[in-house]
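Reading through the structure tokens given below for one structure.
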Amino acid sequence: MASTPVNGTLPPPNKLLDPAIRAPERRASPLPTHLSIPGSGHATPRVIPQEGSGGSGYVAPKFEGKEKQMEAVMDGVEEKGFIPPDFVESETSWFYNELGIDDMYFATETVEAVINHIHSLYAAKVAAYSRDDKRLEIRLDKEASDHAVYIDTSRPGVSVVNGPQYEQRIDEKYLNVSKGTVGYRVESFRSSSSLPGSEDQQLRCYFVYECDFINPNPGETETNIEKVGDKRFLQKATANTKRIYQEALEVAVERTGPVIEYFDIEGSRDKRLVVAYKQGSAMGLFSALSDLYHYYGLTTTRKYVEQFSNGYTCMSLYLKQLPGSTGPKYPPIEASVHQIIKEISLLYCIPQNKLQSRFATGRLSLQETIYAHCVWVFVSHFLNRLGNEYAALASILDTENSGHAELLSKLKRRLRTETFTADYILEIINQYPDLIHSLYLSFANTHYVQTRGQQDDFLPTLSFLRLQVDKVLTDDELTDAINKAVVNDHHQMVMNSFRIFNNCVLKTNFYTPTKVALSFRMNPQFLPPSEYPQPLYGMFLVISSEFRGFHLRFRDIARGGIRIVKSRSQEAYSINARSLFDENYNLANTQQRKNKDIPEGGSKGVVLLDYHHQDKARVAFEKYIDSILDLLLPPSSPGIKDPIVDLHGKPEIIFMGPDENTADLVDWATEHARVRGAPWWKSFFTGKSPKLGGIPHDRYGMTTLSVREYVLGIYRKLNLDPSKVRKLQTGGPDGDLGSNEILLSNEKYIAIVDGAGVLVDPQGINHEELIRLAKARVMINKFDTSKLSPEGYRVLVDENNVRLPSGETIHNGTTFRNTFHLRGGLHYDTFVPCGGRPESIDLTSANKLIVDGKSTIPYIVEGANLFITQDAKLRLEKAGCILYKDASANKGGVTSSSLEVLASLSFDDEGFIKHMCVGEDGTPPEFYNKYVKQVQAVIQNNARLEFEAIWREHQITGERRSILSDTLSIAITKLDEELQSTDLWQNVAFRKSVLSEALPNLLLEQIGLEKIMERVPENYLRAIFGSYLASRFVYTHGINASQFAFFDFMSKRMAKIKA
């Protein structure tokens, strides 16, 4: 059994690969392998000549002073007297001539340094004689500011799990920090002969040099290695090596992921592997590659890492079959190299996975360990930690009772935190490598696609052949195997989650030949309704070494921003990781309720940066977007993007926008979608720069316009003079919402809290100074404190033991900032949260804002998403607070984004560029300026309509506004869906009548209704039709309007058409 039938016939047997069936010790994933190299376009590997030192393609410049230095070294060694005189010459000669060290080392090092290295090696030989096993162990390292040397005993083809781990050290200390003008290149050699008295060991030498670039600051598009290369590299590399790197570099800058190529060495079975990738995008790859080729019975004679000042890295590995390693245990090198090429794309995504030791020791394959790593992430978010007992308790208690609600809230948090920690889950998974193998096979059997034909240069992979040997278990058999293997209920729950994961993955890029992160389109049916009552339509899980992230949406056509979450400490990261999915779900749910006025449903994406990669926001965002595109776009480049198994079975489009920490990344995403051939690239992201047709929310205050309507609505209803209203605001003058709220408002600011700290003045903060900060978009640490009254003060997050004018001492500035909004002692009339982490006020902390049963803050308009939990909102309203929640107040941005998308869908490319794209000189087209004003007017009108509807409904029913906001959203959404599925859409005259009202006048005048209906997808037009009718009816007639009211509403509309 060698392969599965292709078109009913079996591929011809292959003399190299058929023996691999009999190699169960070296399992791998079912990846289709083609001898083409991603990025090179070559159907067969190129043959390169053996040239340079040891066929390396490098020629070290001859060190003319080598003989003289060697004599000085021998004199120095003899003078020290540590090595017997009879051995001085032989030991020195062995070091200079037998270890394969090139002349660059000797030209770089001082005589004293070489003497120390020779002494260290000799001392290791002496120490070996005192050991029972007589094994020679050499551990030598020297680290200077501009170079480093590491020499280690090494058994070829064996990963040393313990020991000095010099490769990991080189990764962490030199390669991971290489970026742009600062870089380190690495040369590594293996001695050609075995060590004396230790036939299975050789010396492995590593030399690290700080780069000295020809041009440290090249242009963004520069790829000529003669301009971006290191001087030493350009001096040593042969013309052929330079050409190989040049080609790899040119392809790498056009791609998000790595370029992987290999070459046959003339007159040898050895292979040269070249990997090029963007600096900082694959931390720890150098050391991880060693584990990979060792797994297949290969070793390296030489390794080189070259840095280029345009921000790219190239690695060269010279692969060689271990003597005597072919046979039942290892495949031949000709087969292994193809497997390694495919697996590097996985390694690039997660160079060091959580089960790396299982891979390094050969117990599991790379695919199995990375698969298990991904499921570990899944399990840590979704293991049902609450259980039936919690659900039973929740049904007994009265959630209207604040004491009961607070108890449930605390219990839920504790259960989720303490029952299954990420470390405990990993500990369990690590105990069951055989189960991981069986569960992985089931996953692979579903998602692997055999796409290859029978052409001569196509081969089935080793791992595909393996799939024919190992038995793939059914779901029932897997359940049985898990139950038999596990030792207790906890272990059963964790390992059973692997099976749940397998069953819920609808498509994945796991087997795509080139990828930058692992993405999974999940069926969200596994989510317990008791915890997530509103069912999701779609869910993406994305995993990389730098981050993990989700994208959730409640409808097929949905809109929402992508935010990146950073963590100031390890503890903060743990808290953020635990709440990541719930935060994402709640944000998307809020978005769903916000989007009542627009055709799109709610969605949201949240990316959590790994604690050790807090500076990798851009890298994480690019990987997140590209890997999701892998699952949205049909494959177009064989060998680069191959077909995937699509169990969802329907095309998907996702509409995204900016959010926390992503506003400056939107243009890249738009351009990248266009480069990858997405037909919907113009509408993929909103909030892009005006030169790409975007309408920036912050520049035009789109989000704030909506929030401001609610604030002004309260003042209008209660006849308040805004200039006398005392105001608290979280989210400072540096943010979108915070800065525009300051610019549009005329209240008396008493306190502002932002990322820098707390600014307070009971007499009112100087408004002109606040305006200055808001226009400059800077935090309150830039506030001129001389403009504070004697009672005013500022406390920054990095300050400790600050004495306030009242005499109180603030011991920790960060703690003061985080809890300031809950402090008493200052009187505020209005609180507008414009920034801050979700759940900054929960049911427990809300009690601090209630004194004698009455809310200390009379009016709250929640500008920041999820700032206050729903149960806390209800508690505050019960205490008399007039509160408008985020789903109502913060909807200006989504309205702007929706109208931005509508314009991009309505115009053709030429019209879009002419009327919606701001020119290079920064001058916006006349249409653009008018359209922005119309968008602002629509936002204010929608906000006013909803404010009035909620205020009126509260006056009639007495129901709390936070509940009315949700009820209103549900009523509009439900009616919207019902209207879209009725025959009303088929009434062309009525359809056109509604669309002509719903669509912006400017678009209708510029393009015409007929053209818009021709260009905009029908399901999008249906959504506009339904959402406009539903929102206008509910806003006018109320949440509980009768069927007669709807009949009357529709009759009047029909009459207008006939008239």
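The values are calculated or read from the model by the stated rules, or taken from the named source; none is laboratory data. Because the structure is predicted, anything quoted here is derived from the model rather than measured. All Cβ positions, glycine included, derive from the backbone under ideal geometry; neighbour counts span all protein chains shown. To get the accessible areas, we keep the full protein, side chains included, count just its heavy atoms, and leave off ligands, DNA and RNA. Shrake-Rupley method; radii C 1.70, N 1.55, O 1.52, S 1.80 Å.
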Quiz item: What are the aspartates and glutamates whose alpha-carbon lies under 16 Å from the alpha-carbon of Lys873, with same-chain residues fewer than 8 places away excluded?
Solution: Glu400, Glu406, Glu839, Asp842, Glu862, Asp886, Glu959, Asp966
Exercise. Compute the distance in nm between two label points, each set 7 Å from the Cα along the Cα-to-Cβ direction, one at Phe1049 and one at Leu743.
Key: 3.6 nm
Practice problem: With the full set of protein chains in place, find how many percent of the accessible area of the chain is carbon and sulfur; take the probe as 1.4 Å. | Solution: 50 percent
Quiz prompt | Distance-filtered residues of region 236-261 - backbone nitrogen under 17 Å, label point 7 angstrom along Glu220 Cα→Cβ | solution = 253-256
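Over region 740-820, calculate the relative contact order: mean separation of alpha carbon pairs under 8 Å at least 6 apart, over the residue count, as a percent. It would help to have the intermediate numbers written out before the result.
Working: 129 pairs, mean separation 22.3, N = 81.
Relative contact order, region 740-820: 28 percent.
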Quiz item: Which sequence of Leu712, Leu999 reflects their accessible areas, 1.4 Å probe, from the largest down?
Solution: Leu712, Leu999
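What is region 65-352 by shape, rounded, prolate or oblate, if you read a ≥ b ≥ c off the alpha carbon gyration tensor as root eigenvalues and call it rounded for a/c under 1.5, prolate for a/b larger than b/c, and oblate otherwise?
Oblate.
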Quiz item: Once the whole set of protein chains is in place, how much accessible area is left on Asp829, using a 1.4 Å probe, in Å² to the nearest 10?
Solution: 30 Å²
Quiz prompt | Label point distance in nm, Thr361-Phe87, each placed 7 Å from Cα along Cα→Cβ | solution = 3.6 nm
Exercise. Just reorder Ile913, Ile48 by solvent-accessible area, largest first, 1.4 Å probe, all chains present.
Key: Ile913, Ile48
Quiz item: Based on DSSP H runs of at least 4 residues, each adding -39500 (n - 2.57), what is the mean residue ellipticity at 222 nm of the chain after dividing by all its residues, to the nearest 500 deg cm²/dmol?
Solution: -14000 deg cm²/dmol
Exercise. Let me know the charge dipole size of the chain about its Cα centre in debye, to the nearest 20, where only the beta-carbon of Lys, Arg (+1) and Asp, Glu (-1) is charged.
Key: 2740 debye
Quiz item: When all protein chains stay in place, what accessible area (Å², nearest 10, 1.4 Å probe) is found for Cys881?
Solution: 0 Å²
Quiz item: Counting alpha carbon pairs within less than 8 Å and at least 6 residues apart, what relative contact order, in whole percent, applies to region 65-352?
Solution: 17 percent
Quiz item: Which one of Gln431, Val797, Leu984 has its Cα pushed farthest toward the positive end of the charge dipole of the chain, where Lys and Arg give +1 and Asp and Glu give -1 at the Cβ?
Solution: Leu984
Self-check item: Signed unit charges on C-beta, dipole axis of the chain, positive-most listed residue His117, Tyr330, Leu608
Solution: Leu608
Quiz item: Among residues other than Glu791 whose Cβ falls under 14 Å from its Cβ, what is the net charge (Lys/Arg +1, Asp/Glu -1)?
Solution: +3
Self-check item: Heavy atoms of Asp908: accessible area, 1.4 Å probe, square angstrom to 10
Solution: 70 Å²
Quiz item: Over the chain, what is the relative contact order in whole percent, taking alpha-carbon pairs under 8 Å and six or more residues apart?
Solution: 9 percent
Quiz item: Roughly what % of DSSP beta bridges within the chain run antiparallel, to the nearest 5?
Solution: 75 percent
Exercise. For a quick protection proxy, order the peptides 734-746, 812-824 by their average other-Cβ count within 10 Å, most packed first.
Key: 734-746, 812-824
Quiz item: In what sequence, largest accessible area first, do Ser545, Ser56 appear using a 1.4 Å probe?
Solution: Ser545, Ser56
Quiz item: Which entry is the computed Rg and Dmax of the Cα atoms in Å for this structure: (i) 36.4, 123; (ii) 80.1, 227; (iii) 32.9, 116?
Solution: (iii)
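Can you tell me the FRET efficiency between Phe526 and Phe63 if r is taken as the Cβ-Cβ distance and R0 is 51 Å, rounded to the nearest 0.05?
Plugging the Cβ-Cβ distance into 1/(1 + (r/R0)^6) gives 0.20.
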Self-check item: Among 567-574, 1024-1031, 179-186, the order from most to least packed when residues are scored by Cβ within 10 Å on average
Solution: 1024-1031, 179-186, 567-574
Exercise. Enumerate by residue number the GluC sites (Glu not before Pro) in region 68-117 meeting two conditions: DSSP loop (anything except H, G, I, E, B), and at most 16 other Cβ atoms within 10 Å of the site's Cβ.
Key: Glu98
Quiz item: What is the extension gain from Asp489 to Asn1040, computed as 0.36 nm multiplied by their sequence separation minus the C-alpha to C-alpha distance, in nm to one decimal?
Solution: 193.5 nm
Practice problem: State whether region 509-688 is rounded, prolate or oblate according to the following rule on the C-alpha gyration tensor (a ≥ b ≥ c being the square roots of its eigenvalues): a/c under 1.5 gives rounded; otherwise a/b larger than b/c gives prolate, and the remaining case gives oblate. | Solution: rounded
Quiz item: Roughly how tilted is helix 926-957, in degrees to the nearest 10 and between 0 and 90, from the longest Cα axis of the chain?
Solution: 60 degrees
